[in-house]
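Undergrad: One structure is given below, represented as structure tokens, and several questions about it will come after.
The values are calculated or read from the model by the stated rules, or taken from the named source; none is laboratory data. These numbers were taken from a predicted model, which means no experiment stands behind them. Every residue, glycine as well, gets a Cβ built from its backbone with ideal geometry; the counts of neighbours run over all protein chains shown. When the accessible area is computed, the model is the full protein with side chains, heavy atoms only, and any ligands, DNA or RNA have been set aside. Shrake-Rupley method; radii C 1.70, N 1.55, O 1.52, S 1.80 Å.
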Amino acid sequence: MRSHHRHSSSYVSFILFLFLFFISFSSSTSKLEPAKSEPKRKHSVSAILVFGDSTVDPGNNNYIDTVFKCNFPPYGLDFRNKTPTGRFCNGRLVTDFIASYIGVKENVPPYLDPNLGINELISGVSFASAGSGYDPLTPTITNVIDIPTQLEYFREYKRKLEGKMGKQEMEKHIEEAMFCVSAGTNDFVINYFTIPIRRKTFTIEAYQQFVISNLKQFIQGLWKEGARKITVAGLPPIGCLPIVITLFSGEALTNRRCIDRFSTVATNYNFLLQKQLALMQVGLAHLGSKIFYLDVYDPVYEVIRDPRKFGFEEVFSGCCGSGYLEASFLCNPKSYVCPNTSAYVFFDSIHPSEKTYFSLFRSLRPIYDSILGSF
């Protein structure tokens, strides 16, 4: 297994850059009732297996040498027992709601948790790492688990299951599992647009293709390991992320709004991704494999465009601290916390609140129903 004790001067520069904008606030907390998922359903899905970045990492970064952690308050403010699990959210993630909806478990645990028993492993885990991406450079910036290593962890996971249930039963179990892949935002926001390395060698169009080619290689790796039902999330409207508005808008303090040129990058990427996934589906249909594109952009943008329709009040700043730049260790026990987390689309400057994740889950539910019907 490769080491994660990497250091990067560009990473240090990025953190210092954030600190220049950082404003601390006094602490104040409030509570949001956890969003309720749907009742458990009977079906033939054996497990949920998750790969990607902070949108689906329930705490793997707790167990590696990185500063990109959130296993402290106010993260987890609205999670069960107010536990800061390592989820970059005040509560549950989309994958937690999916797992509960399909009936395999209530919340998806991190694979690296040493206390997981075999039954917990069997019903599903997340291999994701906050700060990761499809570009090999991206995880080196924040010293987190890259996508190839997540795939290697999955191979290790399979060996553990084989030791418990035998090879044939393990392979059947994997074929009946639902795979969820969600990454890409860090490749553009933290990597391409913030650090100049990739911009020196790639136009944005070429970089989009580069990221997708790495994603394609990863999906092929999953297929080779037995995955047959895979969901792949596109990019959200990255121009609407509070941290992007702060860093790249000329009116960050006086007129906070989405930056269209960044969101256009996301829509173009999503178009190219859908084309690539369709081509991959055609090439692998004979194996009984199905791949499902998850449109994250439209549901999130709809919430941002008409927040009151969905019960939100604040769109362009996060709940934690100033809401302009705070994330990870910048959002900490000493940070100010908004009095009503359910009124905020974002919990910190990058990551959606639990209520937003639940809204996204509900919009994507027809896809999950389609997957369940395909087993």
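Undergrad: Name every cysteine in the chain that ends up alone, with no second cysteine's Cβ under 4.7 Å, or say none.
TA: 70, 89, 180
Undergrad: Tell me the angle of helix 354-374 to the major Cα principal axis of the chain, expressed in degrees between 0 and 90 and rounded to the nearest ten.
TA: The angle comes out at about 20 degrees.
Undergrad: With each pseudo-label sitting 7 Å past Cα toward Cβ, what's the residue 220-residue 260 distance in nm, one decimal?
TA: 3.8
Undergrad: Working from Cα positions, state the angle (0 to 90°, nearest 10) between the long axis of helix 9-21 and the longest principal axis of the chain.
TA: 40
Undergrad: Dipole of the chain, Cα-centred, from +1 at each Lys and Arg C-beta and -1 at each Asp and Glu C-beta, to the nearest 20 debye? Let's see the in-between values first.
TA: Values: 39 positive and 34 negative charges, 78 e Å.
Magnitude of the dipole: close to 380 debye.
Undergrad: Put +1 on the Cβ of each Lys and Arg and -1 on the Cβ of each Asp and Glu in segment 160-256; which of 212, 233, 191 then has its Cα farthest toward the positive end of the dipole?
TA: 191
Undergrad: Could I ask something else about it? Less than 15 Å Cβ to Cβ from residue 259, Lys/Arg counted +1 and Asp/Glu -1: what total charge do the surrounding residues give? Present the calculation step by step, with values, prior to reporting the outcome.
TA: Values: positive: 256, 257, 261, 305; negative: 251, 260.
Taking every other residue near residue 259 into account, the sum is +2.
Undergrad: Express the Stokes-Einstein translational diffusion coefficient of segment 60-159 in µm² s⁻¹, to the nearest whole number, given a Kirkwood radius over alpha-carbon pairs, 4 °C and a viscosity of 1.567 mPa s.
TA: Details: Rh = 14.3 Å.
Answer, rounded: 91 µm²/s.
Undergrad: What does a probe at residue 310 reach in segment 84-125, counting residues whose amide N is under 20 Å from the point 7 Å along Cα→Cβ?
TA: Only 88-101 fall inside the zone, counting backbone N under 20 Å.
Undergrad: Rank by packing, highest mean first: peptides 183-189, 166-172, with packing defined as the count of other Cβ atoms within 10 Å averaged across residues.
TA: Working: 183-189: 27.3, 166-172: 13.4.
Going from most to least packed, we get 183-189, 166-172.
Undergrad: Still on this model: Using only the Cα atoms of the chain, what do you get for the radius of gyration and for Dmax, in Å?
TA: Every Cα atom of the chain included, Rg and Dmax give 19.4, 62 Å.
Undergrad: In degrees from 0 to 90, rounded to the nearest 10, what is the angle of the helix 260-284 Cα long axis to the longest principal axis of the chain?
TA: Tilt of helix 260-284: around 0 degrees.
Undergrad: Which pairs, out of 334/355; 105/229; 158/229; 82/105; 158/290; 82/158, put more than 25 Å between their alpha-carbon atoms?
TA: On the way: 334/355 23 Å; 105/229 18 Å; 158/229 16 Å; 82/105 19 Å; 158/290 20 Å; 82/158 32 Å.
Check vs 25 Å cut-off fails for 82/158.
Undergrad: Which percent of the accessible heavy-atom area of the chain goes to carbon and sulfur, probe 1.4 angstrom?
TA: Of all accessible area on the chain, carbon and sulfur atoms account for 53 percent.
Undergrad: Return P(r) of segment 232-353 (all Cα-Cα pairs; 10 Å bins starting at 0; whole %; ordered from short to long distances).
TA: Pair shares across the bins are 13, 36, 28, 14, 7, 1.
Undergrad: I want to verify the translational diffusion coefficient of segment 183-284 in µm²/s; compute it with Stokes-Einstein, Rh as the Kirkwood radius over Cα pairs, at 20 °C and 1.002 mPa s.
TA: Working: Rh = 14.9 Å.
Reported coefficient: 144 µm²/s.
Undergrad: Something else now. Using a basic spin-label model with each label point 7 Å from the Cα along Cα→Cβ, how many nm lie between residue 201 and residue 369?
TA: Rounded to a tenth, the inter-label distance reads 4.7 nm.
Undergrad: Now for a different question. Show that you can apply the helix-only estimate: for the chain, add -39,500 (n - 2.57) for every DSSP H stretch of four or more residues, divide by all residues, and state [θ] at 222 nm to the nearest 500.
TA: It lands at -12500 deg cm²/dmol.
Undergrad: By a straight-distance test (C-alpha under 19 Å), which aspartates and glutamates pair with residue 172 as possible cross-link partners, with residues fewer than eight away in the same chain excluded?
TA: Of all the aspartates and glutamates, those that pass the test against residue 172 - Cα under 19 Å, at least 8 places apart if same chain - are 120, 156, 162, 225.
Undergrad: Give the accessible surface of segment 240-321 per residue, rounded to a whole number of Å², with probe radius 1.4 Å and ligands, DNA and RNA excluded.
TA: Details: 4050 Å² over 82 residues.
Ligands and nucleic acids excluded, the result is 49 Å² per residue.
Undergrad: Still on this structure, I have one more. Compute the length gained on full extension between residue 168 and residue 209: take 0.36 nm times their separation in residues and subtract their Cα-Cα distance, giving the result in nm to one decimal.
TA: On the way: separation 41, 0.36 × 41 = 14.76 nm, distance 3.74 nm.
Full extension of this stretch gives 11.0 nm more.
Undergrad: Turning to a different aspect of this structure: Can you compute the modelled spin-label distance between residue 159 and residue 118, with each label point 7 Å from Cα toward Cβ, in nm?
TA: Label-label distance for residue 159 and residue 118, simple model: 1.7 nm.
Undergrad: What number results when the radius of gyration of segment 289-367, computed over Cα atoms, is divided by 2.2 N^0.38 Å?
TA: Numbers: Rg = 13.9 Å, N = 79, 2.2 N^0.38 = 11.6 Å.
Ratio of Rg to 2.2 N^0.38 Å for segment 289-367: 1.20.
Undergrad: Antiparallel DSSP bridges in the chain: what percent, to the nearest 5? All intermediate terms of the calculation are to be shown ahead of the outcome.
TA: Numbers: 2 of 21 bridges.
In the chain, DSSP labels about 10 percent of beta bridges as antiparallel.
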